[in-house]
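The values are calculated or read from the model by the stated rules, or taken from the named source; none is laboratory data. What you are looking at is a predicted structure, and each value in this text was computed from that prediction instead of being measured. Neighbour counts are summed over all protein chains in view; Cβ atoms, including those assigned to glycine, are modelled from backbone coordinates with ideal geometry.
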Amino acid sequence: MTGAQRADVPSAAGSRRADWLTRLRLGSGIVLFVYQATHLVNHALGLISLAAMEAGREFFLVVWRNPAATVLLYGSLALHAGLVLYTLYRRRTLRLPRAEALQIIGGLAIPPLFVVHAVPNRLAHELFGITDTYGYVIVATWLQTPLFGVLMVLLLVIAWMHGCLGVHYWLKIKPWYPPWAPLLGGLAVLWPAAALAGYVAGAREVAIRIDDPAWAEELFAAMTLPAQAEAAAAIYGVIERTEYAMAALLALILALRWIRVVIEQRRQLVTIRYPSGQRVAVQPGMTVLEASRSAGIPHASVCGGRGRCSTCRVRVGSGGEHLPPASEDELRVLQRVGAAANVRLACQIRPQRDLAVTPLLAPTAQPHDARARPAHVSGSEREIAILFADMRAFTAFSEHRLPYDVVFVLNQYFRAMGRPIEDAGGHLDKFIGDGVMALFGIERGVAQGCRDALTAAREMARAINELNATLKDDLPAPLRIGIGIHTGAVIVGEMGYARASSITAIGDAVNTASRLESANKEFHSQLVVSAEVAARAGVDLGAFPQHDIAIRGRSEPMQVYVIEDASGLPEIAARAAA
Ligand code: FES
């Protein structure tokens, strides 16, 4: 933002605060997830025996019941729950994708369930010296108050799902994640299943052995239960009061949110304009992503609005000058995808004035759209070499052939054209009918691109000769191709829609290369290459005929080399002398 910051515009400090809150939420969530994962491993030991569970518990307590881990664990729990409530308060709309809604509902259900678990165990241990062995927990939850047992199962399932969804949202934009996702998904199911099975096995063992008076006496002795009946009453009392307090806190947050919404509704609405002409009037402070969702406009948001994936990015038009500058985290995400200066994350910007936006990705964007991409993918002007090739008289050939034969020959032909292009370092742009378009030098520079294009043309000619030799009994006449190569400044970038997007180039030089390919028909040649390409490549093509040809849109004729058989092109050194 240039000029003085308006008082009603959110500050950069506000953006930095949002960055920190996101990191704290992620960090505290990871601590809780690790705690839960280790706890479930301890439960799963019940599949071996109750004794194995108890032995595992000793190790578990060494890790998680020391003062430092206690502060870390309960601090993370309080922080994470507080941040969930804060996020709920800040949300301008509760219209959410299903998975996100599920995660928030799960997150709200965890604290009251956790209290039922933690108070009779950890708090009772601290207040009354109870040794909360597995035997104690199983007797208390499964044999004496089965309702608690059911609540514990609910806690296990909901907390695990909540954690897995959070981890999934965190990791799904990492490049290494997709191949591992099925394995991790399997683990996400097996882990709690093993824990539940272990717990049930342990409970069965207790239920059977408790009839043995000597074993039962030993079990109860190990629990070091307090003699006073008040202890149990106190434990239930703490659970009850904590549940009421949490319900009151949630009600307070929802009430505050409602008051804020009512106040904001009195303020002048801001209008978000979309390229389709749609206008969405929203309260100031709502993110653009929330505005899209509230109006039912499909908008990509792979990370669920956490500011990590970049798939919600929009180009901001008029009104963008009133937005606060991007925070460090937003900038980092935008730089990762090589976004232009006028591109922002829709989930991070909260317009206070009318704003025009253009979502840049299709609503169906996938995690791979969030990954780092070379600058040319986002669109840039650069000098490259463009090659067009086309098969001659293929229509006549295909008219008298079975579709199967046509497809077979075409695929052989495409392979014969595609391989030399890729081997020479070119980018196969597209196959159009029986034609092919390729770009050279996008990353290696125009001079190398011109050399690579000439190399590709020579190898394509040789490949078509080999293909003709292979198919000589199947073809009425040898396949013939025409190739045109030109160089110039073009706009390179990923263009298209959804899955039909690819890196391509547009510009005058592209049209000219196509025109040169057509010129082969006039000269009965295999390759027409502009003199400019030979000059940029540093290759002497003086041995081939030179012509001046008219190109539509050019006042001057263009100097070209006409090559009857491109397989006779000279070998070109990887880096010819300039
Ligand atoms: S939704 Fe992922 S960065 Fe905005």
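Among residues that are under 30 Å from THR364 (Cα atoms) and surrounded by 16 or more Cβ atoms within 10 Å (Cβ to Cβ), ILE30 is included.
Residues in the range 193-238 that are of a type in the set (Ser, Thr, Tyr) and under 47 Å from the mean Cα position of the chain (by Cα) were compared, and the one that is farthest from ALA37 (Cα to Cα) is TYR236. Is it fair to say GLY46 is closer than 22 Å to GLY305 by Cα and either modelled with pLDDT of 90 or more or among the polar types (S, T, N, Q) (or both)? It is false that GLY46 is closer than 22 Å to GLY305 by Cα and either modelled with pLDDT of 90 or more or among the polar types (S, T, N, Q) (or both).
In the range 300-312, the residues that are without any contact (Cβ under 8 Å) to a residue 60 or more places away in the chain and over 13 Å from GLU290 (Cβ atoms) form Cβ pairs under 7 Å with partners that are of a type in the set (A, V, I, L, M, F, W, C) and near the ligand (Cβ under 6 Å from one of its atoms), at six or more places apart or across chains, as follows: THR311/VAL302. Report yes if ALA101 is over 16 Å from PHE33 (Cα atoms), at pLDDT 90 or above and surrounded by fewer than 17 Cβ atoms within 10 Å (Cβ to Cβ), otherwise no. Considered against the rule, which asks whether it is over 16 Å from PHE33 (Cα atoms), at pLDDT 90 or above and surrounded by fewer than 17 Cβ atoms within 10 Å (Cβ to Cβ), ALA101 comes out as no.
Of all residues in the range 86-101, one or more are of a type in the set (Asp, Glu) and over 25 Å from LEU45 (Cβ atoms).
Against the condition part of a helix (DSSP H, G or I), out of contact with any strand residue (DSSP E or B) (no Cβ under 9 Å at 6 or more places or on another chain) and without any contact (Cβ under 8 Å) to a residue 40 or more places away in the chain, how does ARG332 come out, does it pass? Yes: the conditions hold for ARG332. Scan the range 335-352 and give yes if some residue there is crowded, with 21+ Cβ neighbours inside 10 Å, away from the ligand (no atom under 13 Å from the Cβ) and in a strand (DSSP E or B), otherwise no. No, the conditions are met nowhere in the range 335-352.
Being part of a loop (DSSP other than H, G, I, E, B), within 15 Å of the ligand (Cβ to nearest atom) and in contact with a strand residue (DSSP E or B) (Cβ under 6 Å, 6 or more places away or on another chain) is the filter here; which residues of the range 257-291 pass it? Once the filter is applied, which keeps residues that are part of a loop (DSSP other than H, G, I, E, B), within 15 Å of the ligand (Cβ to nearest atom) and in contact with a strand residue (DSSP E or B) (Cβ under 6 Å, 6 or more places away or on another chain), the range 257-291 yields nothing.
Residues of the range 130-142 include none that is surrounded by fewer than 17 Cβ atoms within 10 Å (Cβ to Cβ) and either part of a helix (DSSP H, G or I) or modelled with pLDDT of 90 or more (or both). Selection of first residues in the range 124-150 that are outside the structural domain of GLY202 (by TED's automatic domain parsing) and of second residues that are of a type in the set (A, V, I, L, M), restricted to Cβ pairs under 6 Å at least 6 apart or on distinct chains, gives an empty result. Of ALA365, ALA326, all but one fail to be within 11 Å of the ligand (Cβ to nearest atom) and either assigned by TED's automatic domain parsing to the domain that holds LEU289 or of a type outside the set (A, V, I, L, M) (or both); the exception is ALA365.
Total residues in the range 292-315 satisfying the condition of being in contact with a Leu (Cβ under 9 Å, 6 or more places away or on another chain), within 25 Å of GLN265 (Cβ to Cβ) and more than 8 Å from the ligand (Cβ to nearest atom): the figure is 3.
If we scan the range 313-322, do we find a residue that is acidic (Asp, Glu), crowded, with 21+ Cβ neighbours inside 10 Å and not in a loop (DSSP other than H, G, I, E, B)? No, the range 313-322 contains no residue that is acidic (Asp, Glu), crowded, with 21+ Cβ neighbours inside 10 Å and not in a loop (DSSP other than H, G, I, E, B).
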